[in-house]
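Nothing in this text is a laboratory measurement; each read-out follows from the coordinates by a stated rule. Small disclaimer: the values here were computed from a predicted structure and weren't measured. As a convention, Cβ positions derive from the backbone with ideal geometry for all residues, glycine included, and neighbour counts pool all protein chains shown.
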Ligand SMILES: [Zn+2]
Ligand SMILES: [Zn+2]
């Protein structure tokens with residue numbers, strides 16, 4: 001399967017039809033494995049990396065799950081193609097920097113991606129839409145067992161699977177869910193939630209700039225520890241915590257609708273206005289505003305049919321996806337202009353936000369005036 | 001302020017993350033932040049980076065001067081990268097490792113998946129330990145008939161292990 005087919009079709013998880021996908025964008029489980037008798041990639045000579053690659057790649061390609069896979073050497077991917085894969089979470093940034101001696105194998109549905117010679121000889125991940133950690137784990141666990149029959153994995157009786165970085169030793173597993181938590185952010189409860197989650201040994205990450213705001217109100221919840229617990233225990237714990245956070249986010253949404261309907265509508269309305277009428281937009285601003293639009297769809301302020309458009313913009317306004325849509329090389333300024341123009345085009349038909357039931361503090365709504373514009 | 005990773009260029013990217021209820025700060029230069037992928041909020045790189053930086057400091061206390069016979073990795077190499085050179089490094093640096101893993105993980109013993117091809121050997125290993133315990137007890141209790149039977153079973157397991165490997 002040629003690479004442009006992968007790049008031009010969006011993966012299963014981007015369709016956002018998994019359970020709880022209003023709040024949980026995606027679930028990912030990654031396993032790290034290494035081969036016995038070879039130095040880890042970071043410490044290996046080029047010839048050693050190549051022999052590891054030539055040993056692993058055919059084994060991966062012969063998996064039944066990879067019957068319709070795209071398999072490509074890192075040096076055969078352009079910088080832009082790699083960046084697109086990074087934005088889709090199919091390869092890591094670290095892997096994108098690799099050349100000769102590395103490769104990636106992805107299935108057609110883009111639910112599985114196997115990086116060869118990243119930081120470890122093998123980094124295998126399954127990614128699903130919504131809250132599907134268990135099924136993502138099952139998928140990657142099967143792949144791991146099949147590969148373990150063909151390859152001699154480095155395994156220690158006490159420490160389990162050995163990895164280049166001791167933070168991954170044991171299960172070699174990092175499971176995570178990307179969550180969209182705008183109401184917890186708006187109602188200033190997100191820090192409490194983060195602290196509670198940290199207390200049970202899980203990590204929460206948004207990207208903290210100067211403030212406490214995460215980009216696009218997106219947070220990643222993942223396990224911190226990999227040694228001393230069974231995989232299933234880690235997944236179950238993570239799952240429970242995520243379900244709790246979903247509950248809190250839903251409560252925060254309901255409270256905002258009841259107690260601060262004007263603030264809520266104002267935030268969504270401003271996001272709508274800026275996205276529809278701006279002519280230059282940086283990717284961070286786009287993410288933050290799109291987050292409010294997504295919240296608006298969740299709350300029924302926009303028609304449900306618009307969900308896909310909004311969700312797709314999250315990824316299509318990322319730098320490499322923008323660059324891919326045009327032939328000439330864009331400067332940052334041009335990119336911001338193109339981003340604004342794509343967003344304007346996509347949202348042209350989006351009606352102005354309106355609460356499902358008329359907002360109590362407002363004079364009787366005149367939906368006709370708003371819809372015409 | 002210099003970059004925490006390369007310790008050379010001035011830091012321009014400042015990140016904070018809450019780990020275990022504690023705020024952790026990392027200061028990075030432009031180049032290192034790009035390379036580590038920490039500007040991507042959805043990547044795993046930030047957690048690995050934060051945990052990794054702490055890890056190499058833990059190791060400082062012991063195994064200075066050790067060098068891995070399999071891959072030539074030294075203690076200084078680990079300090080620099082927070083990564084090991086090969087699987088054998090886990091035994092080479094075992095002394096410093098325990099301390100570091102204790103702070104990092106839930107336990108010091110892997111309790112998860114065992115590769116199918118090793119599972120048999122592991123089960124046999126556990127069975128062997130159990131039988132040996134029972135044998136010692138039988139001898140201590142002067143139950144010689146039981147002890148003889150246990151000895152036979154241990155011998156059978158040993159033979160099995162030999163033919164398997
Ligand atoms: Zn640096
Ligand atoms: Zn070594």
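Using only Cα atoms, find the angle between the long axis of helix A:190-199 and the longest principal axis of chain A, and express it within 0 to 90 degrees, rounded to the nearest 10. The angle comes out at about 30 degrees. Taking the fewest neighbouring Cβ atoms within 10 Å as the starting point, the ordered list for B:162, A:121, B:110 is B:162, B:110, A:121.
Compactness of segment B:116-164 was expressed as the Cα radius of gyration divided by 2.2 N^0.38 Å, which yields 1.25.
From least to most packed, judged by other beta carbons within 10 angstrom and beginning with the fewest, B:163, A:47, A:236, A:163 follow the order B:163, A:47, A:236, A:163. What the Cβ-Cβ distance of residue A:304 and residue B:137 gives, at R0 = 60 Å and to the nearest 0.05, is a FRET efficiency of 0.30. Legend: mean number of C-beta atoms from other chains within 10 angstrom of residue C-beta atoms, peptide A:223-235, equals 5.
Peptide packing: for A:9-15, A:57-63, the average count of neighbouring Cβ atoms within 10 Å per residue gives the ranking A:9-15, A:57-63, highest mean first. Going by the alpha-carbon gyration tensor, a ≥ b ≥ c the square roots of its eigenvalues, is segment A:230-280 rounded (a/c under 1.5) or, if a/c is not under 1.5, prolate (a/b greater than b/c) versus oblate? Oblate shape, in that a/c is at least 1.5 and b/c is the bigger or equal ratio.
Quick check: the angle from helix A:133-150's long axis to the longest principal axis of chain A, C-alpha only, nearest 10 degrees? The helix A:133-150 is inclined about 20 degrees to chain A. For the options A:274, A:245, A:127, a Gaussian network treatment of chain A with springs between C-alpha atoms closer than 10 Å singles out A:274 as fluctuating the most.
Between segment A:1-77 and segment A:286-315, what is the separation of their alpha carbon centroids in Å? Between the Cα centres of segment A:1-77 and segment A:286-315 lies a distance of 30 Å. Compared with the direct C-alpha span, the chain from residue B:70 to residue B:144 gains 22.0 nm at full extension, assuming 0.36 nm per residue.
Taken residue by residue and averaged, Cβ atoms of other chains lying within 10 Å of the Cβ of B:114-120 number 5. Assuming R0 = 25 Å, can you tell me the calculated FRET efficiency for the pair residue A:67 and residue B:125, based on Cβ-Cβ distance, to the nearest 0.05? Here the calculated transfer efficiency is 0.10. Per-residue ellipticity at 222 nm from helix content only, as computed over chain A with -39500 (n - 2.57) for each DSSP H run of at least four residues, stands at -14000 deg cm²/dmol. Cβ-Cβ distance of residue B:118 and residue B:1, R₀ of 41 Å, FRET efficiency by 1/(1 + (r/R0)^6): the value works out to about 0.30. Entry for the protein assembly as shown at q = 0.06, 0.12 Å⁻¹: log10 I(q)/I(0) = -0.34, -1.18, Debye formula applied to identical alpha-carbon scatterers, no solvent contribution. Mean per-residue shielding of peptide B:69-77 is 2, counting Cβ atoms of other chains within 10 Å of each Cβ. For the pair residue A:76 and residue A:262, the difference between a 0.36 nm per residue extended length and the Cα-Cα distance amounts to 61.7 nm. Measure nothing but the geometry: give the 0 to 90° angle between the long axis through the Cα atoms of A:283-298 and the longest principal axis through the Cα atoms of chain A, rounded to 10°. Approximately 70 degrees, to the nearest 10.
Inter-label distance, residue A:255 to residue A:138: 3.6 nm, where each label sits 7 Å from its Cα along the C-beta direction.
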